[in-house]
Amino acid sequence: MEITDATCSFCGSLCDDLTVKVEDNEIVDVKRACRLGASKILGHERINSPMIRNEAGILEETSFDSAIDKASQILLHAKRPLLYGWASTSCEAQSKGVLLGEILGAVVDSTASVCHGPTTLGVQEKGLPTASLGQIKNRADLIIFWGCNPIHAHPRHMSRYSGYLPGFFLDRGRQNRKFVTVDVRMTETAAISDEFLQIEQGSDYVVLSALRALVNGKDDLVPDVVCGVSKEDLVRLSGMMRSCRFGAFFFGMGLTQSKGMYKNIDCALSLTNDLNTQTKFVITPLRGHYNVTGFGQVCSWQTGFPAVDLSRGAPYYNPGEMSANDLLMRDEVDASLIVASDPAAHFPSTSVHNLAKMPLIQIDPYANATTEIADVVIPTAIVGVETEGTAYRMDGLSLRLRKLVDSDYPSDEEILDKIIKKVSRKGDVC
Amino acid sequence: MSELLIKNGRVFDPINSINGDIMDIAIKNGKIVDDISLSPDTKVIDASSMIVMPGGVDAHSHIAGSKVNSGRIMCPNDSRSGIEKRTKITRPCSGYTVPNTFAMGYRYAKLGYTTVFEAAIPILHARHTHEEFGDIPIIDKGGLVLFGSNWQVMEAVRENDIEKLAAYIAWGLSASRGYGVKIVNPGGGEAWGFGKNVSGLHDTVPNFDVTPAEIITGLAKANEMLHLPHSIHLHCNLLGKPGNYKTTIETMKLLENIKPSMDRQVVHITHMTFNAWGGTNWGDFESKADAVADYLNQHDHVTVDMGQLIFGNATTMTADGPMQYANARLLATKWTNGDVELEDASGVVPLSYIRKMYIHDIMWAVGLEVALLTKNPWQVLLTTDHPNGGPFVNYPEVIALLMSARKREEEMLKLSNKMRDRTTLSGIERELDWYDIAIKTRASHAKILGLTDHGKGHLGAYADADVTIYHINPDQVDAGREHATVKKAFEKPAYTIKDGEFVVRNGEITATPEGRTFWVNASVPEEDNTRLMKDLRLKFRKYYSINLANYMVQDNYVKHPVVIKAGGS
């Protein structure tokens, strides 16, 4: 059997044109997916059974019911539970996560807080002048990649949305477009660009500010060399920006997680805003996990905020105070539920240490570093492969992911629903 | 099942011409019935000395979808301003201008509203709108779908192929599970794709060789060809620009000769607060609401809504991308933009309406002038274009202003003198009565949407048992004098009943049923559809960024659909 128009649940590009060949409920071939996506869809080692860590410190296989029971007990007895992750699961599961957070009075935070969280803070300052990826495909004759390397992180981005394909107004595709990469090092994306601007590490804010000065006609303010870049190069780049018909600015964690953080984003957004007085310009964050965008959407429409502390019974948001790492660095968390993510591999060591010493429940199809510190492990079906669900592409487009094969594993949503039933009081909204 | 009798209320049900009669309203199994035989299980409410109206209907509000959520994401300050804790039956709430989805449902219900229509859905993003609809409790919903800068629309208009255009509208409504045709700054959204705008009704849309006037008339013809329950719903060109009243009137004139396919208007022109402006710049800015009302008084093919301005915070959100960029530059404030490939544009800009800033004062007057100078109450709906003119929770304030010349005078004392000089408001003595208010807050909304036959906006037999009971006695309250009492009564209905169930008592939510979603399924001749699909397949292969097979809103996203059939005669 061939399933066409399948959507890949690997990265934020959500390519929806895959053809998947299934034989006897097994995926035997994937067409058009990149290597990252194909590797996920074709399958690799996963957690086989629910597990609970025994007194000897060893994860012991158990039933789903007893793992759910144990998880519920842990969460019910916690005073400051943290529900974290959510980037690689469906909006339906994320929605259950927010509800569980309400019932428990928990903090619900996503992987964005260590990734594109600063982007959200920048957007709170300046808004987000953006466009759907198809708009960029059809119109953009200048593409800027700043602090990102889509050839590795989003392998089909350039061929589907941002470069190679012809668009309505650009019938020769790549030949009609100019690529500019700005980065601290030569990357594969830089290598195929028409221009590469190598800047000193941590100088993004300064370079962006210099470009703003030039775009706004304040050339005198810009010195001959700005953080390793000559004024001549900056004048040429600002000229390209002003004279293009439609410019698109993509950025990654090179901008969000380097010195300046959300101020870098604020500056890039302001530059985009300024450029619109002279031409058309849009800006789009290259979001990593396939549905990290979805968590920001779901949590915002349900609570008003992209991450939320529900310990007061009402939504509260103050990044720097209530994000996962703020709580963990202060050693406030006394139990955690980690869904579809791997904080043990990505958080600062103090956070991981504090996470590890308290009870930790993991819900994930795959084992990762967090499994090593988990006390309860509940494996689930893979969204977009073994179960349906909604995900948001990096440009905020909602798509329904298909189920390709049957699975004995329950979905994240089903597991969360069972936990919700166990921890809620009779008659409460749930 | 459940039976309910509302006894001795003063009933205002304009669709059935009931004007304050003392009547009983009987409800059985979620519907209004002519009569019920009392049984021990029948619940009885004594509504004597209270006003009984059909549940409120809002034909134009921005309650769900990508731009509403963009407003939330860029304005955490707003979310923080409306915090309410979780209770045993309600989810936690946040926000004032952009409430979270739960608050959206609860607050509408608390105001006595039971049906609300989202006013701008890009087809591409319709799935998102329906996801948020699913999280808005209690109220019934529906949505108007953007067609005004759509490539397929402009191409069909250029080819003068109205049959194919109709086929596309039918397909687009089905793809988006949408209800009606919304047009926003026609052609302007496409021009904004390269940072431009159209300058008027007869300016050519770049690269598409059609004019806004042609787009509007083409869509109106196709709309009537399809016998859609609602007319085209139009946000005019040049909205937000001084002097735009001329374009607004010219737009209405364009459509004088189009015959409606059913008993309703040919066009609904929305949020008049932003469309009836005179002057040539911000310096000589003035109201031309009188000119617009004059036109409305002589023509019945147009209905409008107020889009009343409310002083304080607002979050403007619209598919009018170029207008929003101009707004953001003018106010030096933050700006979100969201171009939608092949379909439209959009922008979100938070702002504050400030008393004594004469432009805002004049805008405040414009909405009221249009409502008060237009003689036929059915022609002007009460809205705030939530949250563009201000949040919907302020409807009771607008009701009080319409019912009391004294309140308007009191308000005007707080405003600039330029407002008095450049509007006609201070000379208007008209005070609307309870019947007028029932028209402007439910009956006319249901009528212009074509929902009266589907059980909305009235209390006739077989209507949905959506009823609001207000704690106010029209015999004892002089609304002109006691406007504060009026406002209070409309802010806190004694009861809101949805499908025969109490959802609000004395301002508190008592039940949170899931609402339904109305959408229109229009049939078209197969040959038109075949021609259309040839075009669409090409567009998806070459220009859209997703596949055709993944485009339509799947049934999973519309849990309680009400499908209204339409199509050629």
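Values in this text are rule-based calculations from the coordinates and carry no lab data. Just so it is clear, the structure is predicted and the values come from calculations on it, not from any experiment. Virtual Cβ from ideal backbone geometry, glycine too; neighbours counted across all protein chains shown.
Projected onto planes of every orientation and averaged, the convex hull of the alpha-carbon atoms in segment B:246-364 covers 9.0 nm². With a simple spin-label model that places each label point 7 Å from the Cα along the Cα-to-Cβ direction, the separation between B:Ala484 and B:Tyr295 comes to 4.1 nm.
Note on B:Ser352 and B:Ser81: with the Förster distance fixed at 22 Å, the Cβ-Cβ geometry gives a FRET efficiency of about 0.95. Charged side chains reduced to their Cβ positions (Lys and Arg at +1, Asp and Glu at -1) give segment A:156-228 a dipole of some 500 debye around its Cα centre. Local charge for A:Lys231 was computed over the other residues whose Cβ lies under 9 Å away, with Lys and Arg +1 and Asp and Glu -1, and equals -4. Per residue of A:395-402, other chain Cβ atoms within 10 Å of the residue Cβ number 6 on average. Convex hull of alpha carbon positions in segment A:163-277: directionally averaged projected area 7.2 nm².
Extension gain, A:Asp194 to A:Glu125: 0.36 nm times the residue separation minus the Cα-Cα distance gives 21.6 nm.
Pairwise alpha-carbon distances in segment B:376-455 exceed 22 Å for 34% of all pairs.
On the principal axes of its alpha carbon atoms, segment A:162-218 extends 36, 30, 13 Å, with the longest extent given first.
Shown here for segment A:308-362: trypsin sites (Lys or Arg not before Pro) in loop regions (DSSP other than H, G, I, E, B) with at most 16 other Cβ atoms within 10 Å, namely A:Arg312, A:Arg330. Entry note, chain A: the mean residue ellipticity at 222 nm calculated from DSSP H runs of n ≥ 4, each adding -39500 (n - 2.57), is -9500 deg cm²/dmol after division by the residues and rounding to the nearest 500. For segment A:69-166, the Kirkwood estimate of hydrodynamic radius, built from reciprocal distances between every pair of different alpha carbons, is 16.9 Å. Taken along its three principal axes, the alpha carbon spread of segment B:1-41 comes to 31, 17, 11 Å, from the longest extent down to the shortest.
Give the residue from B:His268, B:His235, B:Thr101 lying farthest towards the positive end of the charge dipole for chain B; charges sit on Cβ (+1 for Lys and Arg, -1 for Asp and Glu) and the dipole is referred to the Cα centre. So the residue we want is B:Thr101. Per residue of chain B, the DSSP helices (runs of n ≥ 4 H) give a summed -39500 (n - 2.57) that works out to -9000 deg cm²/dmol at 222 nm.
Peptide A:272-285 shows a mean partner chain C-beta count of 3 within 10 Å per residue C-beta. Just the number, please: percent antiparallel of the DSSP beta bridges in chain B, rounded to the nearest 5. In chain B, approximately 50 percent of DSSP beta bridges are antiparallel ones.
Among A:Gly254, A:Gly147, A:Gly57, the largest mean-square fluctuation in a Gaussian network model of chain A (Cα springs under 10 Å) belongs to A:Gly57. In a simple Cβ point-charge model (Lys, Arg +1; Asp, Glu -1; nothing else charged), segment B:178-336 has a dipole of about 380 debye relative to its Cα centre.
Can you give the log10 of the normalised intensity I(q)/I(0) at q = 0.16, 0.18, 0.21, 0.29 Å⁻¹, computed with Debye over equal Cα scatterers of segment B:24-88? Summing over Cα pairs of segment B:24-88 leads to -0.82, -0.87, -0.97, -1.29.
Scaling the Cα radius of gyration of chain B by the globular reference 2.2 N^0.38 Å produces a ratio of 0.92.
So which aspartates and glutamates can B:Lys7 reach, going by Cα to Cα under 20 Å and dropping same-chain residues fewer than 8 places off? Partners found: B:Asp21, B:Asp24, B:Asp34, B:Asp35, B:Asp41, B:Asp46, B:Asp464, B:Asp466, B:Asp475, B:Asp499, B:Glu501. For segment A:20-119, the set of GluC sites (Glu not before Pro) satisfying both a DSSP loop assignment and a count of at most 16 other C-beta atoms within 10 Å is given as A:Glu45, A:Glu55. If a spin label sat at a point 7 angstrom from the Cα of A:Thr350 along the line to its beta carbon, no backbone N atom of segment A:262-277 would be nearer than 19 Å. Considering only chymotrypsin sites (Phe, Trp or Tyr not before Pro) in DSSP loops that have at most 15 other Cβ atoms within 10 Å, the longest stretch of chain B without any of them is B:1-281. Each 20 Å bin from zero up to the one holding the largest Cα-Cα distance in chain A carries the following percent of pairs: 25, 53, 21, 1.
Most simply put, chain A has about 40% antiparallel DSSP beta bridges, counting only bridges with both residues inside it.
Using 1/(1 + (r/R0)^6) with R0 = 51 angstrom and r between the beta carbons of A:Asp334 and B:Leu548, what's the FRET efficiency to the nearest 0.05? The formula returns an efficiency of 0.55 here.
Here the protein assembly as shown carries DSSP beta bridges of which approximately 45% are antiparallel, counting only pairs with both residues inside. Taking only the C-alpha atoms of segment B:468-569, Rg followed by Dmax gives 23.9, 67 Å. Over all orientations, segment A:111-190 has a Cα convex hull whose mean projected area works out to 6.1 square nanometres. Using all pairs of distinct alpha-carbon atoms, the Kirkwood hydrodynamic radius of segment B:408-556 works out to 20.8 angstrom. What translational diffusion coefficient, to the nearest whole µm²/s, does segment B:109-226 have by Stokes-Einstein, given a Kirkwood radius computed over alpha-carbon pairs, a temperature of 4 °C and 1.567 mPa s viscosity? This corresponds to a translational diffusion coefficient of 86 µm²/s. Projecting label points 7 angstrom from Cα along Cα→Cβ for A:Glu232 and A:Lys178 puts them 1.6 nm apart. Entry for segment B:329-425 at q = 0.14, 0.19 Å⁻¹: log10 I(q)/I(0) = -0.65, -1.03, Debye formula applied to identical alpha-carbon scatterers, no solvent contribution. Were the residues from A:Thr277 through A:Gln257 laid out at 0.36 nm apart, the gain over their Cα-Cα distance would be 4.3 nm. Here the relative contact order of chain A, from alpha carbon pairs under 8 Å that lie six or more residues apart, stands at 24 percent. In a fully extended conformation the segment linking A:Asp408 and A:Val429 would gain 4.6 nm over its present Cα-Cα distance, using 0.36 nm per residue. Derived scalar couplings between HN and Hα for segment B:465-471 equal 7, 9, 9, 10, 10, 9, 7 Hz in order, rounded to whole Hz, by the Karplus curve 6.51 cos²θ - 1.76 cosθ + 1.60 (θ = phi - 60°), x for Gly and Pro. Amide H to amide H distances under 5 Å link B:Leu381 with B:Val304, B:Asp305, B:Met306, where only residues 5 or more positions off or on other chains count and H is placed in the peptide plane. Annotation: amide H-H contacts under 5 Å for B:Asp58 (H modelled 1.01 Å from N, sequence separation of 5 or more, or interchain): B:Thr115, B:Val116, B:Phe117. Semi-axis lengths, largest first, of the ellipsoid equivalent to segment A:230-318 are 34, 14, 12 Å, with √(5λ) applied to each eigenvalue of the Cα gyration tensor. Taking all C-alpha pairs of segment B:1-121, those more than 24 Å from each other amount to 47 percent. Within the same chain, lysines fewer than 8 places from B:Lys288 are excluded, and of the rest, those with a Cα less than 26 Å from its Cα are B:Lys182, B:Lys241, B:Lys246, B:Lys253, B:Lys356, B:Lys375, B:Lys407, B:Lys414, B:Lys418, B:Lys440.
Using only alpha carbon pairs under 8 Å that are at least six residues apart, calculate the relative contact order of chain B and give it in whole percent. The normalised contact order for chain B reaches 20 percent. In percent, rounded to a whole number, the relative contact order of segment B:185-314 is 22, using alpha-carbon pairs under 8 Å and six or more apart.
A simple spin-label model places pseudo-atoms 7 Å from Cα toward Cβ; at B:Asn19 and A:Ser49 they are separated by 7.9 nm.
The alpha-carbon positions of segment A:285-430 define a convex hull whose volume is 143 Å³ per residue. Dividing the convex hull volume of the alpha-carbon atoms in segment A:21-138 by its residue count gives 206 Å³ per residue.
Panel note: the C-alpha atoms of the protein assembly as shown, placed on their principal axes, show extents of 77, 70, 59 Å (largest first).
Of the GluC sites (Glu not before Pro) found in segment B:404-447, the ones in coil according to DSSP and having at most 16 other Cβ atoms within 10 Å of their Cβ are B:Glu429.
Here B:Ser39 and B:Tyr462 are evaluated by their C-beta separation; at R0 = 30 Å the FRET efficiency comes out at 0.90. Taking the longest Cα principal axis of chain A as reference, the axis of helix A:117-126 is set at about 50 degrees.
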